[in-house]
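So the structure is just underneath, and the comments pick up after that.
The values are calculated or read from the model by the stated rules, or taken from the named source; none is laboratory data. All values derive from a computational prediction rather than experimental measurement. Note that each Cβ is placed from the backbone with ideal geometry, even for glycine, and that neighbours are counted across all protein chains shown.
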Amino acid sequence: MFLRDDDPPARRVEKLTRIADVLVERIDRLEESRGSAWSMFQAAVALEQEVQVRTRELEQALADLSERNRELAVARASAEEANRSKTRFLRAASHDLLQPLSAAKLFLSALKDTQLDEFQRELTGRLTGAFESVEELMHAVLDISRLDSQRIEFQRKPVDLGDLFRRLAVEYAPMAEAKELRLSFAPTTVVVESDPTFLRRIAQNLVSNAIKYTDRGGVLVGVRKRGERAWLEIYDTGIGIAAADRARIFDEFQRIGRDGGVPGMGLGLSIVRRACAKLGHPIAMDSEPGRGTVFRVSLPLVAPGCEAARPEGAGQGPHLRGRVALVVENDDAMRRALQLVLQDRLGMVARVSGGIAEALAQMGDEPPDVVIADYNLDNGDTGLQAIAALRKAAGQAVPAIVVSARRGPELGSACQKMGVPVLEKPVRPEDLQAMLQRMLA
């Protein structure tokens, strides 16, 4: 739209008005656009500030989280060190705690072999029961300490369940007879893979628990094969376990309540649960209140032909009468107790000594038939060192037994390298006799 010189005034006014309207419209659009851009710029600045604030908050949260992680790591390390300290303390204290208990049990065993009147037999029986309760509790505490340790090492090997059953039958027959219960073990030739010591502890706790909670009927122990696994099963006709109690029976110090109570501290099933979890042996349970309970432990089968480990103290051997046993024991009471059991009960010739030098002098030029050495001797010496010195002086691998309250994997590995079995304290005369018979066969 252009103005012409010859346009009339009205026409020129009209054109100017229209041009002005267009210019005003463009200016309005430019103002609107400018306002929108300014708003966007302001929003961008505000967003950037918000991002900076959130970034600072996130950095602070990450710093706090890192600090909490450091605190948790320190707390975890402290807890692990406290657990290791507890384990070390129990391991160190166990020798001093079990030493007098072991000596007392051996003295009681020697006393029971003498002529006693009815009242004296009752007293010795009650003392024996009291000592066995203390022994059971100490073994339970030590077992829980070992199983809670992160450094526990298992000695997995083939285990003949038939041998284990024969050992348990002898061990728990008196307990079942005292309650007039039938205790039956189904014959088996099944061989499984497990740690022999802990598998025996699992079976011991389950059988003992079944007898304790059964007043009529009996307990049956057997094995059932399922594919490549075998299920160790312990049936009882006891009081059963209510559904509400099944979740807590594997906790420490938990016992099923009933009139008269049940002996024990409620640690047996806790040990079973820990040992099965560590060994990878699934455990299951079925129960009906008033009719009985069955516990099942799943064990991996071993291929036929593998040599199985025999339970400690299992097996039969020759008579021990007249055989010479050299005892290396630094504790006077324990030394005398072993001497009484070896001489009066087993008919052996017992030579006793308090340390390595005295043992070498006692041996002279004639090696003994067997050496029985306590692991912890005076002046930092060990029973393994005593056995090594005696074997060197004799010029032959004299059969030997280490007696110890220690239960660490290091001791087991060291004894295994020397071919020396370990007899745990408190020493049971029956276990000592069976081990000596097996070794001297």
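Here are some notes:
- Extreme residue, nearest to the chain's Cα centre (by Cα), among residues of the stretch 400-421 that are touching a residue at least 60 places away in the same chain (Cβ under 8 Å) and surrounded by 21 or more Cβ atoms within 10 Å (Cβ to Cβ): Ala405
- If you go through the stretch 291-305 and keep only what is modelled with pLDDT of 85 or more, more than 24 Å from the chain's Cα centre (by Cα) and assigned to a loop (DSSP other than H, G, I, E, B), you end up with just Arg291.
- Taking first residues from the stretch 149-178 that are within 13 Å of Glu193 (Cβ to Cβ) and surrounded by fewer than 16 Cβ atoms within 10 Å (Cβ to Cβ) and partners that are among the β-branched types (Val, Ile, Thr) and modelled with pLDDT under 90, the Cβ contacts under 8 Å between residues at least 6 apart in sequence or on separate chains come to Gln155/Thr197.
- Odd one out for Gln115 among (1) modelled with pLDDT of 75 or more; (2) within 30 Å of Leu346 (Cα to Cα); (3) in a helix (DSSP H, G or I): (3)
- Being farther than 21 Å from Lys112 by Cα, at pLDDT 90 or above and of a type in the set (Ser, Thr, Tyr) is a property that Ser353 has.
- Index of the failed condition, Ser194 passing every other in (1) buried (at least 20 other Cβ atoms within 10 Å of the Cβ); (2) closer than 30 Å to Gly125 by Cβ; (3) hydroxyl-bearing (Ser, Thr, Tyr): (2)
- Residues located in the stretch 402-435, provided they are charged (D, E, K, R) and part of a helix (DSSP H, G or I): Glu410, Lys417, Glu430, Asp431
Each row is one residue, and each column tells you yes or no for (1) among the small types (Gly, Ala, Ser); (2) at pLDDT 90 or above; (3) in a loop (DSSP other than H, G, I, E, B); (4) buried (at least 18 other Cβ atoms within 10 Å of the Cβ).
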{"position": "Glu307", "(1), (2), (3), (4)": "no, no, yes, no"}
{"position": "Gly315", "(1), (2), (3), (4)": "yes, no, yes, no"}
{"position": "Gly322", "(1), (2), (3), (4)": "yes, no, yes, no"}
{"position": "Ala337", "(1), (2), (3), (4)": "yes, no, no, yes"}
{"position": "Asp344", "(1), (2), (3), (4)": "no, no, no, no"}
{"position": "Gly347", "(1), (2), (3), (4)": "yes, no, yes, no"}
{"position": "Glu358", "(1), (2), (3), (4)": "no, yes, no, no"}
{"position": "Gln362", "(1), (2), (3), (4)": "no, no, no, no"}
{"position": "Asp365", "(1), (2), (3), (4)": "no, no, yes, no"}
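- Residue selected from the stretch 200-210 under the condition within 14 Å of Val170 (Cα to Cα) and aliphatic (A, V, I, L, M), by the criterion farthest from the chain's Cα centre (by Cα): Val207
- Count of the stretch 382-398 residues which are under 29 Å from Phe154 (Cβ atoms) and surrounded by fewer than 21 Cβ atoms within 10 Å (Cβ to Cβ): 6
- Considering the stretch 126-148, and only residues there that are hydroxyl-bearing (Ser, Thr, Tyr) and surrounded by 14 or more Cβ atoms within 10 Å (Cβ to Cβ), the residue that is modelled with the lowest pLDDT turns out to be Ser145.
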